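Each remark here refers to the structure printed beneath this line.
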Amino acid sequence: MRSRQEISREEFAQEVRVAMNRSVDGGGHHPGSDYTPAAFRHYIRRTALMNELKGLEFRTMLDVGCAEGFFMDAVRQRFGAETWGVDISDAAVKRARENFGFDVAAADATSLPFADDTFDVVLSTETIEHVLDPDKMVAEMKRVARRYVVVTTPVSQSADEHEPDFEQREEGHVNDFDQASVVALFGADAKLGSFRCNATLALIKALGRYLPRGLRDVFYELDYWTARLLGGPHKKFKPLRNRDWLIVAPASAGERHEPAWRCPACATAVKEDAGGGFTCENGHSYVAVASGIPDFAVAVV
């Protein structure tokens, strides 16, 4: 197996893109506007995120690893925030634009195409476990955030619980996060919480996700509150062991910048050119996924 240090970051990003595009083409990584029982884990996560976000003050948000825009749409509908998204998958961001009309781009999470202090909240759900350099991803999220960085990622019982899936054979997870590694990444001032517990998740998987909307949502809320009040990431009683971290880290607000694409190479403004690509003020050029959607992971040489 390849070691983390010897893997080419550019090649790995393209491998992740291929795997993600395959998932999108096979039916979608995240559901669209319609309810999808097969994606019930995303709805449980949405319950936890909505409960957390309602306690934060924000008017702009960036979703890093936005997939097809499912969480972006939920945040926009619930809070009315101006919402942008990036994902390494060109197929996913194209779907997010088609389904919801969002400002989106294909981009690497460790090189975000925005100025410092652009978004009040920078959100990422179930993405950081797929990134070779999670420290760089967190640094970039904090750089472009003005108030908060909000992240969810699976709970691990140790920082090396599983072999990294560098070859994208299964879920593509290359990081495990326990409490110590979360604190090391996000800082001692980060708020750590966890959600989803084994017992209620099993009930949802067997029954709750198939119920009519009102009853179904009761099951999701039950899972959230059971996990918050009775569960924990390291419970000896495994039915109450939580399965996801929910991390809220403060960001240092500087001079506000309004959301706009910036070149990952030099941070200057980027505009769509007549040829259908995108070019920055210093002449760095990028291809387009589709009209209005830059691909910052593929530069024009």
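Let's see how each residue does on (1) of a type outside the set (Phe, Trp, Tyr); (2) touching a Gly at 6+ places or on another chain (Cβ under 9 Å):
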| position | (1), (2) |
| --- | --- |
| Leu49 | yes, no |
| Arg59 | yes, yes |
| Glu68 | yes, yes |
| Ala92 | yes, yes |
| Phe102 | no, yes |
| Asp108 | yes, no |
| Asp116 | yes, yes |
(message) Which condition from (1) buried (at least 23 other Cβ atoms within 10 Å of the Cβ); (2) under 14 Å from the mean Cα position of the chain (by Cα); (3) not charged (D, E, K, R) is the one that Thr110 breaks?
(response) (1)
(request) Just one of (1) within 21 Å of Phe114 (Cα to Cα); (2) touching a residue at least 40 places away in the same chain (Cβ under 8 Å); (3) of a type outside the set (Gly, Ala, Ser); (4) part of a loop (DSSP other than H, G, I, E, B) trips up Val289, so point out which. (result) (4)
(request) Check segment 148-161 and report whether any residue there is under 19 Å from Ala13 (Cβ atoms) and more than 19 Å from the chain's Cα centre (by Cα). (result) no
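Considering Phe119, Phe40, which residue is aromatic (Phe, Trp, Tyr) and modelled with pLDDT under 95?
Matching residue, one of Phe119, Phe40: Phe40.
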(request) Could you pull out the residue among Gly32, Gly65, Gly80 that is surrounded by 14 or more Cβ atoms within 10 Å (Cβ to Cβ) and modelled with pLDDT of 95 or more? (result) Gly65
(request) Hey, can you tell me all the residues within segment 192-249 that are in contact with a strand residue (DSSP E or B) (Cβ under 7 Å, 6 or more places away or on another chain) and either closer than 15 Å to Met50 by Cβ or not assigned by TED's automatic domain parsing to the domain that holds Asp34 (or both)? (result) Gly193, Phe195, Arg196, Asp223, Tyr224, Ala227, Arg228, Asp244, Leu246, Val248
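The values are calculated or read from the model by the stated rules, or taken from the named source; none is laboratory data. What you see is a predicted model; the values in this text were computed from it and never measured. Quick reminder, even Gly has a Cβ in these numbers, built from the backbone with ideal geometry, and neighbours come from all protein chains shown.
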